[in-house]
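> Sending over a structure as structure tokens; questions will come in a sec.
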Amino acid sequence: MAAPLTRSARGAERRAAHRPGQGKAVVVFLAPFFLLFAAVLILPVGYAAWMSFFSERSSGLGFGGTERVFSGLGNYTKALSDHGFTSSFLHVAAYCALYIPVMIGTALALALLVDSAAAKAKRLVQFAVFMPHAVPGLIAAVIWIYLYTPGLSPVLEWIDAAGGHWDFFAEGSVLPSLVNVAAWQWIGYNMIIFFAALQAVPREVIEAAVMDGAGGVRVALRIKLPMIRSAVFLTLLFTCVGVVQIFSEPMLLSQRAGSMGSDWSPMMFIYKAAFERHDYGLASSASLLMALVAGTLSYVVTRIGKRGGSA
């Protein structure tokens, strides 16, 4: 049994815990982070919130310039009543329904295959699958638009030579075309995360399951997958936040696919409101509404992940 600390010992511990100058050192080390955080996040969000309560109004016949007037929640009402803005969230929801299962499922399957004992050339496979993520999203979209374009694409020539026909920009096929661009770029990145999580699974647990007669598929589905649940929900959280902000891929694809329109995603609507219509109040209110949706979605995914982890 440990002897209780004497008064002098407690005083020595207290002095050791609060050394002179320690508080100043903490402030010096943390100050750059909080200054940067305020400069790149708090101030822009505050400025956007302030702009969302004002709108530009032209005087006379447009020859007297514009003036900024307080509109209260008018810009928020205008955004929520705009069919282009509300339908952009439906487009993203349809995109999520197809993209997330394809991307997460394929990344998980590849990680489990690479982690299996029968896998060969694991480093080469990881490198090959991860390589598309090194390509910037804008460049990836340009590459795939080239492969989708009739008269340029060798893929379409092969399909035509086989007697088939496919239009990647048609109204019914443009969504899978967009999903393909994003999945090609992000499957490798998420596979690396899942593979790293699989490396942390205790080998003795897997060996015990094998000795009990479990096959490779059963070990993967009943042992490995439940033990990397937190990594799966983490990637799901990042994916949901990223999908709500999707911009460059649909923006480029919409130049060829007329059915997408110029406000297919919320970010495209905000870009159009700010830089084509010059309605900065509407763009600011739409940005904050989109941030609210992303925050709510993140909270829901986090709650589901915690509930699944505690079950």
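The values are calculated or read from the model by the stated rules, or taken from the named source; none is laboratory data. Computed from a predicted model, the values in this text were never measured in an experiment. Every residue, glycine as well, gets a Cβ built from its backbone with ideal geometry; the counts of neighbours run over all protein chains shown. Just the protein is used for accessible areas: all its heavy atoms, side chains included, with ligands, DNA and RNA removed. Shrake-Rupley method; radii C 1.70, N 1.55, O 1.52, S 1.80 Å.
> Taking θ as phi - 60°, what are the ³J(HN,Hα) couplings along the range 228-245 by the Karplus curve (6.51, -1.76, 1.60), each to the nearest whole Hz, with x for Gly and Pro?
Values per residue, Gly and Pro as x: 10, 4, 5, 5, 5, 5, 5, 5, 5, 5, 5, 5, 4, 5, x, 5, 4, 9 Hz.
> Calculate what fraction, in whole %, of the accessible area of the range 228-311 sits on carbon and sulfur atoms when a 1.4 Å probe is rolled over the protein chains. Show your work: numbers first, answer last.
Numbers: 2530 of 4080 Å².
Using a 1.4 Å probe with all protein chains present, the range 228-311 comes out at 62 percent carbon and sulfur.
> Compute the distance in nm between two label points, each set 7 Å from the Cα along the Cα-to-Cβ direction, one at D160 and one at A31.
About 6.7 nm separates the two model spin labels.
> List the residues, sorted by chain then number, that are 5 or more residues from F54 or on another chain and whose placed amide H is less than 5 Å from its amide H.
Residues meeting the criterion, in which the H sits 1.01 Å from N, are S71.
> Sorted by accessible area (1.4 Å probe), largest first, how do M267, M211, M260 line up?
Descending accessible area places them as M211, M267, M260.
> Need the C-alpha centroid separation for the range 116-138 versus the range 179-207, integer Å.
Going from one Cα centre to the other spans 10 Å.
> May I ask for the longest run of the chain untouched by trypsin sites (Lys or Arg not before Pro) that are loop-located per DSSP and have at most 16 neighbouring C-beta atoms (other than their own) within 10 Å? Don't skip to the answer; put the middle values down first.
Details: sites that count: K120, R256, R277.
After excluding every exposed loop site, the longest remaining stretch is 121-255.
> Continuing with this model, one more query. Provide M251, M290 ordered by accessible surface of protein heavy atoms (probe 1.4 Å), highest first.
Accessible-area ranking of M251, M290, largest first: M251, M290.
> Give the residue list of chymotrypsin sites (Phe, Trp or Tyr not before Pro) in the range 141-206 that are DSSP loop and have at most 16 other beta-carbon atoms within 10 angstrom. Intermediate results must be reported in sequence, preceding the final value.
Details: sites: W144, Y146, Y148, W158, W166, F168, F169, W184, W186, Y189, F194, F195; in loops: W166, F168, F169.
Taking the range 141-206 and a limit of 16 other Cβ atoms within 10 Å, the loop chymotrypsin sites (Phe, Trp or Tyr not before Pro) found are W166.
> Of the listed values (1) 27.5, 109; (2) 26.6, 91; (3) 24.8, 79, grab the one calculated as Rg and Dmax of the Cα atoms in Å from the structure here.
(2)
> Return the sequence-ordered ³J(HN,Hα) values of the range 137-147 in whole Hz as given by the Karplus equation 6.51 cos²θ - 1.76 cosθ + 1.60 applied to θ = phi - 60°, using x for Gly and Pro.
Values, residue by residue: x, 5, 5, 4, 5, 5, 4, 6, 5, 4, 6 Hz.
> At most 16 other Cβ atoms within 10 Å plus a DSSP loop assignment makes a site exposed; report the longest stretch of the chain without any exposed GluC sites (Glu not before Pro).
Formally, the longest exposed-site-free interval is 1-170.
> Then there's this: Over the chain, what is the relative contact order in percent, taking alpha-carbon pairs closer than 8 angstrom and at least six residues apart?
Working: 286 pairs, mean separation 75.9, N = 311.
After rounding, I find 24 percent.
> Please give the FRET efficiency for V210 paired with S230, using the beta carbon to beta carbon distance and R0 = 25 Å, rounded to the nearest 0.05.
0.55
> Expressed in nm to one decimal, what extension gain is obtained for the pair V142 and S259 from 0.36 nm per residue of sequence separation less their Cα-Cα distance?
Stretched out fully, the V142 to S259 stretch lengthens by 40.3 nm.
> Rounded to the nearest whole Å², what accessible area per residue is found for the chain with the 1.4 Å probe?
Ligands and nucleic acids excluded, the figure is 61 Å² per residue.
> For a 27 Å ceiling on Cα separation, which of these pairs sit above it: K224/K306; K272/K306; K122/K224? Intermediate results must be reported in sequence, preceding the final value.
Values: K224/K306 18 Å; K272/K306 38 Å; K122/K224 18 Å.
Exceeds cut-off: K272/K306.
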